[in-house]
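Engineer: Below: one structure in structure tokens.
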Amino acid sequence: MYPDAETRAKILADPQTAPIPDLHKEMFRFCERFVRASWEMTPDDLQRLRDAGLTEAQVVLWATLGSTQSWFTMSADGGGIPMERDAMTGPGVGKARADYEASPEGLLAPATAARVGVTAPASDSVAWVGTDETLPLHKAAADEARERYGFVPNLLRALSLQPTFHPRHLLALELLERPQSQTLTPRLHALIRARVSHLTRSAYGAVTTRALLERVTGDVELWDRLGADTAPPEADPVERVVLDFATKVARNAYKVTEKDAIAFRECGLGDEGYVDALNTTSIQVAMDRLANALGVQPDEEPTLPA
Amino acid sequence: MAHVRIVNEAEATGTVAEDYAFISSSYSKILGAGTPTPQVYRTNSVVPEHFRFGAVQNRVLTNDGSHDRDDGPVPGILVMFAISMYSACFY
């Protein structure tokens with residue numbers, strides 16, 4: 001894409017001043033905001049992409065790719081995988097890390113300044129993007145979701161212009177419904193999801209994570225007490241390990257080390273519990289960023305089976 | 001070294017074995033025959049449901065392994081690179 005080493009170096013230092021097309025600069029800007037402060041995104045973030053030449057379906061595609069790659073990055077850093085080839089991106093990634101270290105919130109911090117929003121979402125729309133719910137692939141997925149949840153989640157409706165990705169979104173919602181390992185309890189799982197919603201400031205995700213935590217614990221105030229930072233006073237040692245880990249992954253997954261996995265083993269959750277907690281966190285983050293970036297209106301009901 | 005135990009191809013059964021086969025075949029189409037499943041998927045192999053999620057993501061990203069999706073004016077891989085860059089993810 002960029003055969004010239006000097007151009008690549010400039011991109012890694014600052015894409016906005018690099019000699020690349022304006023559309024590419026808009027793409028880097030969109031991705032920075034998607035990763036670092038998706039809750040600050042406005043309809044104007046999407047309008048900028050349209051103004052730069054993207055179609056409505058391509059806008060949805062970029063957000064979808066952002067969500068999928070968000071999972072890959074957290075899975076990679078949380079899994080502690082070895083590099084398979086030289087890190088040509090090293091200098092740029094190193095710069096990003098240095099920037100984040102200077103911020104109390106790390107990755108999840110205000111990024112590129114927003115332009116004041118110029119396009120308010122219509123009150124009757126499900127998101128800031130256009131939809132086409134007549135596409136056959138979308139209709140099939142919508143039917144599947146309706147059967148499972150009793151309604152079609154607005155997130156799925158908002159993504160109707162890219163229906164080939166629907167199997168991924170449906171599986172993500174399904175995996176988030178309950179723990180996928182024997183060791184991560186429903187309470188720990190619900191605590192993780194709720195913590196992530198606080199960190200991503202996702203109004204969309206909060207509808208479900210609040211309902212799930214209430215359903216699992218019977219405590220209607222726990223979601224509010226949980227917050228984005230410390231564990232609630234009544235949290236036991238295992239809950240503190242899990243909540244600290246989820247917070248680290250959501251804020252700065254690159255800070256995860258083998259010590260985190262060891263902590264899971266020491267408190268009896270094992271590798272299965274660790275992988276389950278990692279994926280619960282990373283899928284929730286990925287879906288929350290997607291909902292934030294596209295301005296998906298919260299559903300009236302949680303995306304949980306009855 | 002990975003932080004967790006990995007169920008490799010030789011040990012894998014059921015859906016994990018199926019997903020290993022699909023992911024490897026998908027990458028082999030663009031990187032050459034016999035390309036193994038990349039590390040990023042493997043660390044989820046102790047929980048088959050999450051391993052399946054990685055495989056499904058590869059399916060939708062590659063149009064079921066055919067690698068012929070129309071990305072529009074910017075290659076999708078560049079969008080994904082930008083996400084990695086701002087995530088400070090070396091991988």
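The values are calculated or read from the model by the stated rules, or taken from the named source; none is laboratory data. Since the structure is predicted, the reported quantities are computational estimates derived from the model, not experimental observations. Using ideal geometry, Cβ is built from the backbone for each residue, glycine included, and neighbour counts are taken over all protein chains shown. Areas reflect the complete protein model, heavy atoms only, side chains present, ligands, DNA and RNA absent. Shrake-Rupley method; radii C 1.70, N 1.55, O 1.52, S 1.80 Å.
Engineer: Given the criteria small (Gly, Ala, Ser) and within 11 Å of another protein chain (Cβ to nearest Cβ), does B:Ser24 qualify? First the steps, then the outcome.
Structural biologist: On the way: small (Gly, Ala, Ser): yes; within 11 Å of another protein chain (Cβ to nearest Cβ): no.
Taking the combined requirement at face value, the residue does not satisfy it.
Engineer: A further question on this structure: Within the stretch B:44-63, how many residues are among the hydrophobic types (A, V, I, L, M, F, W, C) and part of a loop (DSSP other than H, G, I, E, B)?
Structural biologist: Looking only at the stretch B:44-63, we keep the residues that are among the hydrophobic types (A, V, I, L, M, F, W, C), and these are B:46-47, B:51, B:53, B:55-56, B:60-61.
When the remaining residues are screened for being part of a loop (DSSP other than H, G, I, E, B), the result is B:46-47.
Looking only at that region, the number is 2.
Engineer: Out of B:Ala55, B:Ala10, which single residue is more than 20 Å from A:Gly80 (Cβ to Cβ) and surrounded by 21 or more Cβ atoms within 10 Å (Cβ to Cβ)? It would help to see each step written out before you state the result.
Structural biologist: Working: B:Ala10 fails: surrounded by 21 or more Cβ atoms within 10 Å (Cβ to Cβ).
Result of the check over B:Ala55, B:Ala10: B:Ala55.
Engineer: What are the residue pairs meeting all of these: first residue in the stretch A:224-241, first residue farther than 14 Å from A:Arg187 by Cα, second residue assigned to a loop (DSSP other than H, G, I, E, B), Cβ atoms under 7 Å, and 6 or more apart or on different chains?
Structural biologist: A:Arg225/A:Pro232
Engineer: Take the stretch A:234-278 and flag every residue that is open to solvent by 40 Å² or more (accessible area, probe 1.4 Å), within 11 Å of chain B (Cβ to nearest Cβ) and hydrophobic (A, V, I, L, M, F, W, C).
Structural biologist: If the condition is that a residue be open to solvent by 40 Å² or more (accessible area, probe 1.4 Å), within 11 Å of chain B (Cβ to nearest Cβ) and hydrophobic (A, V, I, L, M, F, W, C), then A:Ile262 is the only one that fits.
Engineer: Residue by residue through the stretch A:246-265, note down the ones that are within 19 Å of A:Leu191 (Cβ to Cβ) and of a type in the set (D, E, K, R).
Structural biologist: A:Lys248, A:Arg251, A:Asp260, listed by residue number.
Engineer: Check off (1) open to solvent by 60 Å² or more (accessible area, probe 1.4 Å); (2) out of contact with any helix residue (DSSP H, G or I) (no Cβ under 7 Å at 6 or more places or on another chain) for A:Glu177 and give me the number that stays unchecked.
Structural biologist: Here A:Glu177 meets the rest and fails (1).
Engineer: Given the condition at the interface with chain B (Cβ under 8 Å from one of its Cβ atoms), assigned to a loop (DSSP other than H, G, I, E, B), at pLDDT 65 or above and in contact with a Gly (Cβ under 8 Å, 6 or more places away or on another chain), answer yes or no: does some residue in the stretch A:46-60 qualify?
Structural biologist: yes
Engineer: Among the residues of the stretch A:19-45 satisfying the criterion of being over 12 Å from A:Trp62 (Cβ atoms), in a helix (DSSP H, G or I) and open to solvent by less than 10 Å² (accessible area, probe 1.4 Å), which is nearest to the other protein chains (Cβ to nearest Cβ)?
Structural biologist: Result: A:Val35.
Engineer: Let me ask another. Tell me which residues, restricted to the stretch A:1-15, are of a type outside the set (A, V, I, L, M, F, W, C) and surrounded by fewer than 15 Cβ atoms within 10 Å (Cβ to Cβ). So that I can check it myself, show each step before the final result.
Structural biologist: Taking the stretch A:1-15 and keeping what is of a type outside the set (A, V, I, L, M, F, W, C), we get A:2-4, A:6-8, A:10, A:14-15.
A:Pro3, A:Asp4, A:Glu6, A:Thr7, A:Asp14, listed by residue number.
Engineer: So which residues in the stretch B:70-87 are exposed (fewer than 14 other Cβ atoms within 10 Å of the Cβ) and either facing another protein chain (nearest Cβ under 7 Å) or more than 20 Å from A:Ala286 (Cα to Cα) (or both), if there are any at all?
Structural biologist: Going residue by residue through the stretch B:70-87, those that are exposed (fewer than 14 other Cβ atoms within 10 Å of the Cβ) are B:70, B:73, B:75, B:77.
Result: B:Asp70, B:Pro73, B:Pro75.
Engineer: State all residues of the stretch B:58-68 that are open to solvent by 20 Å² or more (accessible area, probe 1.4 Å) and in contact (Cβ under 8 Å) with a residue 12 or more places away in the chain; if no residue qualifies, say none. Steps first, please.
Structural biologist: Kept after step one, since they are open to solvent by 20 Å² or more (accessible area, probe 1.4 Å), are these residues of the stretch B:58-68: B:59, B:61, B:63-64, B:66-68.
Hits for the stretch B:58-68 are B:Arg59, B:Leu61, B:Ser66, B:His67.
Engineer: Something else now. Anything in the stretch A:157-185 that is farther than 12 Å from A:Thr209 by Cα and out of contact with any Ser or Thr (no Cβ under 9 Å at 6 or more places or on another chain)? List them, or say none.
Structural biologist: To start, the set of residues in the stretch A:157-185 that are farther than 12 Å from A:Thr209 by Cα comprises A:157-172, A:174-175, A:179-185.
Listed by number, the residues that qualify are A:Pro163, A:Thr164, A:Pro167, A:Leu170, A:Leu171, A:Glu174, A:Ser181, A:Gln182, A:Thr183, A:Thr185.
Engineer: I've got another one for you. Scan A:Ala235, A:Ala253 and give me the residue that is closer than 30 Å to B:Ala88 by Cβ and in contact with an Asp or Glu (Cβ under 7 Å, 6 or more places away or on another chain).
Structural biologist: Working: A:Ala235 fails: in contact with an Asp or Glu (Cβ under 7 Å, 6 or more places away or on another chain).
Result: A:Ala253 is the single residue among A:Ala235, A:Ala253 that is closer than 30 Å to B:Ala88 by Cβ and in contact with an Asp or Glu (Cβ under 7 Å, 6 or more places away or on another chain).
Engineer: Next up: Give the residues of the stretch A:150-160 that are surrounded by fewer than 21 Cβ atoms within 10 Å (Cβ to Cβ) and within 14 Å of another protein chain (Cβ to nearest Cβ), sorted by residue number.
Structural biologist: Once the filter is applied, which keeps residues that are surrounded by fewer than 21 Cβ atoms within 10 Å (Cβ to Cβ) and within 14 Å of another protein chain (Cβ to nearest Cβ), the stretch A:150-160 yields nothing.
Engineer: Name the pairs: first residue in the stretch A:256-272 and more than 19 Å from A:Pro237 (Cβ to Cβ) and modelled with pLDDT under 95, second residue open to solvent by 50 Å² or more (accessible area, probe 1.4 Å) and of a type outside the set (D, E, K, R), Cβ to Cβ under 9 Å, at least 6 apart or on different chains?
Structural biologist: A:Glu258/B:Met1
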